[in-house]
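Q: Below is one structure. I have some questions about it.
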Amino acid sequence: MLVPVENHSSASPGRTAAFFDLDKTVIAKSSALAFSGPLYRGGLINRRAVLKSAYAQFVFLAGGADHDQMEKMRQYLSSLARGWNVAQVREIVAETLHDLIDPLIYDEAAELIEAHHLAGRDVVIVSSSGSELVEPIGEMLGVDHVIATRMAEAEGRYTGEIEYYAYGPTKAEAIRELARQQGYDLAESFAYSDSVTDLPLLESVGHPHAVNPDRGLRREAAARGWPVLVFTRPVQLRQRTRALAVPSRGVLLAAALAAGLTAAGLVWYAASRRRGGPA
């Protein structure tokens, strides 16, 4: 069940924003690990790396990836990417994005993003995954800004070094800087995450929410009285968009009633004209 999104703009002269972690908050898997298949078919990783990525995905989804394991995963992925052609990676992401990520997006998260936009807030994705993955996903979701990890590049290839790592306290620093640039009032802003490693992010806003929280974040949310949301319905955005475009039964009935009243009014008007009555 979703928490109602209120419009607090009247209570504060500043702009507000909603900050979303990506993996297990907006989408149902790790975005970085989801692309192991296309990277294998593109010749960038071998079968062993695919199996290792599948195991890492399992650990991640099971909620067993703590800070140390996430750090090992980061080191593994960054070393794995050393020497990859940047243009080829971006091309693979562009070609497979909708097939891989579209079916993983939580319907509840898509609803929240829409609700925040309708309330006049900017929506920002804040993710530890690489910008070459997160930026296209953000564009697909229609968000306003993306904060993501950046891999170092040299001569069109990844060096294996991390230029900027959007993780833990760094996420909080990044949203404070973005708030300064955009004029966001963080005390009236919202944040959503599944991981206890995002405590600094959640603590930075006035309306934090735990989404599908791991054990650590669930304990913190209970202790602090933060809302806990459970997202369970991955849905394809294209199907969701088509469903939203189909009017509900209530809307159809209202339209039929309005059309009937309009037709009745025209009949009355025509009859009055024939009788010479008032128009």
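The values are calculated or read from the model by the stated rules, or taken from the named source; none is laboratory data. What you see is a predicted model, and the numbers here were worked out from it, not measured in a lab. Don't worry about glycine lacking a Cβ; one is built from the backbone with ideal geometry, like all the others, and counts go over all protein chains shown.
Q: Taking region 99-127 as the search range and keeping residues that are over 14 Å from the mean Cα position of the chain (by Cα) and in a helix (DSSP H, G or I), which one is modelled with the highest pLDDT?
A: Only one residue tops the list, namely L118.
Q: Just to be sure before I move on: is T170 farther than 21 Å from A110 by Cβ and in a helix (DSSP H, G or I) in the structure I sent?
A: On the way: farther than 21 Å from A110 by Cβ: yes; in a helix (DSSP H, G or I): yes.
So T170 passes the test.
Q: While we're looking at this one, here's another question. Name the single residue that is surrounded by the fewest Cβ atoms within 10 Å (Cβ to Cβ) among those in region 216-236 being part of a helix (DSSP H, G or I), free of Cβ contacts under 8 Å to residues at least 24 places away in the same chain and among the hydrophobic types (A, V, I, L, M, F, W, C).
A: By that ranking, first place goes to A223.
Q: So which residues in region 6-23 are under 21 Å from S127 (Cβ atoms), part of a loop (DSSP other than H, G, I, E, B) and either modelled with pLDDT under 90 or not charged (D, E, K, R) (or both), if there are any at all? Quick ask: steps written out before the conclusion?
A: Here is the first cut: in region 6-23, the ones under 21 Å from S127 (Cβ atoms) are 16-23.
Next, from what is left, pick out any that are part of a loop (DSSP other than H, G, I, E, B): 16, 21-22.
Of everything in region 6-23, those that are under 21 Å from S127 (Cβ atoms), part of a loop (DSSP other than H, G, I, E, B) and either modelled with pLDDT under 90 or not charged (D, E, K, R) (or both) turn out to be T16, L22.
Q: Taking region 149-177, which residues are in contact (Cβ under 8 Å) with a residue 60 or more places away in the chain and hydrophobic (A, V, I, L, M, F, W, C)?
A: M151, I162, I175
Q: Among the numbered conditions (1) under 20 Å from E111 (Cβ atoms); (2) modelled with pLDDT under 50; (3) surrounded by 12 or more Cβ atoms within 10 Å (Cβ to Cβ), tell me where V246 comes up short.
A: The number of the failed condition is (3).
Q: Moving on. Would you check if R215 is under 18 Å from the mean Cα position of the chain (by Cα) and modelled with pLDDT under 95?
A: Details: under 18 Å from the mean Cα position of the chain (by Cα): no; modelled with pLDDT under 95: yes.
No; evaluated as a whole, the condition is false for this residue.
Q: Touching a residue at least 24 places away in the same chain (Cβ under 8 Å), within 18 Å of the chain's Cα centre (by Cα) and under 18 Å from W84 (Cβ atoms), is that true of G130?
A: Working: touching a residue at least 24 places away in the same chain (Cβ under 8 Å): yes; within 18 Å of the chain's Cα centre (by Cα): yes; under 18 Å from W84 (Cβ atoms): yes.
Yes.
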